[in-house]
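Written below as structure tokens is the structure these notes are about.
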């Protein structure tokens, strides 16, 4: 059995991966900023306290390790320069990994084209490029939304399905995506330990189907036997709608805003590398993946709407009339109006179709 290091072990994917590796008999060393909040304990698990960008323990974590997983993600950081912090952390790790002479580094990044990316996806790709400079073999998995209970993206979809009184339509919700089931992603990550690659190899993974982001809500509605009236959102700069996330998704507001600005970019598989390197893995369909995630998820999201108007909307009465749709538009505009000038003044000028 191997000695494996995991950076980002306490996250959603990291925790599940750590459990699988320990069950397989591997020994694991992990880095956590708050190990006391991570209840996982095992005789073959050793946890170090620290932050990837500043820790002095990287050499200890990687000492004797055969392979390392890099699952660190800065989306939850409140700092506006999270891209810099992610790059700094990856650089720190790359130096330590080179000294440790790891056999292989396995990284989980994000699907998306190489040009005109959002800050979130741009950062994911940059980290992959930095880790790809480490001597030896490295595999950079690129994935879209991970469908699994407690996955932030999945929980946001679930919360929206329960909280929104409508099924929203907007250009950025028509952007194609190709999510992946949590168990399928874990299968790829674990199989990567034994697959033979030379240098830096990018592997794009996803479910068999490509769908618009908005259709993920429709899949939930179908599984949960829910009904929502369709509603076309007003034409406005996508960034001006960021304050609405504080209202609709207060639990995920910081992460949600970064992900929201990535919705204009396709996150789909564009090659067959996954099939070539991992022919035995057959990803689940999106409906099966979503159904499994919903069955395993224990969360509920109470409505955040208040007042008689929102109650009526929730009962599908007001939106059947032009008057009701006009009232909803006015509520959206009223809520975002105080923020519009402030938000747009802080954002750099952008090219056409760029976020």
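The values are calculated or read from the model by the stated rules, or taken from the named source; none is laboratory data. Keep in mind the model is a prediction, meaning the values are calculated, not measured. Note that we place each Cβ from the backbone using ideal geometry, even for glycine, and neighbour counts take in every protein chain shown.
Considering segment 182-231 alone, what residues qualify as being in a loop (DSSP other than H, G, I, E, B) and within 30 Å of residue 2 (Cβ to Cβ)?
Of everything in segment 182-231, those that are in a loop (DSSP other than H, G, I, E, B) and within 30 Å of residue 2 (Cβ to Cβ) turn out to be 192, 193, 194, 195, 196, 197, 198, 199, 205, 206, 207.
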Inset, instruction - Kindly provide the set of residues from segment 110-123 that are closer than 16 Å to residue 201 by Cβ and either free of Cβ contacts under 8 Å to residues at least 60 places away in the same chain or in a helix (DSSP H, G or I) (or both), ordered by number. - result: 114
Inset, instruction - Evaluate the following for residue 133: is it buried (at least 17 other Cβ atoms within 10 Å of the Cβ) and either more than 14 Å from the chain's Cα centre (by Cα) or in contact (Cβ under 8 Å) with a residue 24 or more places away in the chain (or both)? - result: no
Inset, instruction - Starting from residues that are out of contact with any helix residue (DSSP H, G or I) (no Cβ under 6 Å at 6 or more places or on another chain) and crowded, with 19+ Cβ neighbours inside 10 Å, keep the ones in segment 100-121 and report whichever is farthest from residue 197 (Cα to Cα). - result: 118
Legend entry - Matching residues, segment 8-50, being assigned to a helix (DSSP H, G or I), at pLDDT 90 or above and surrounded by 17 or more Cβ atoms within 10 Å (Cβ to Cβ): 13, 14, 15, 16, 17, 18, 21, 22
Legend entry - Residue satisfying all of: in segment 232-273; outside any helix (DSSP H, G or I) and modelled with pLDDT under 80; surrounded by the fewest Cβ atoms within 10 Å (Cβ to Cβ) among these: 235
Legend entry - Unmet requirement for residue 165, which otherwise passes all of (1) over 23 Å from residue 253 (Cβ atoms); (2) touching a helix residue (DSSP H, G or I) at 6+ places or on another chain (Cβ under 7 Å); (3) outside any helix (DSSP H, G or I): (1)
Inset, instruction - Return yes or no: is residue 214 modelled with pLDDT of 90 or more, more than 20 Å from residue 283 (Cβ to Cβ) and surrounded by 14 or more Cβ atoms within 10 Å (Cβ to Cβ)? - result: yes
Inset, instruction - Hey, could you check segment 51-62 for residues that are in contact with a helix residue (DSSP H, G or I) (Cβ under 7 Å, 6 or more places away or on another chain) and part of a loop (DSSP other than H, G, I, E, B) and say which is modelled with the lowest pLDDT? - result: 53
Inset, instruction - Select from segment 283-300 the residues that are surrounded by fewer than 17 Cβ atoms within 10 Å (Cβ to Cβ) and within 22 Å of residue 215 (Cβ to Cβ) and list them in ascending order. - result: 285, 287, 288, 295, 296, 297, 299
Inset, instruction - Would you point out the residue of segment 181-201, among those that are out of contact with any helix residue (DSSP H, G or I) (no Cβ under 7 Å at 6 or more places or on another chain) and surrounded by fewer than 18 Cβ atoms within 10 Å (Cβ to Cβ), that is nearest to residue 291 (Cα to Cα)? - result: 183
Legend entry - Residue check, residue 92 without any contact (Cβ under 8 Å) to a residue 40 or more places away in the chain and either more than 20 Å from the chain's Cα centre (by Cα) or assigned to a loop (DSSP other than H, G, I, E, B) (or both): no
Inset, instruction - Looking for whichever is in contact with a helix residue (DSSP H, G or I) (Cβ under 8 Å, 6 or more places away or on another chain) and in contact (Cβ under 8 Å) with a residue 40 or more places away in the chain here; the options are 205, 210. Which one fits? - result: 205
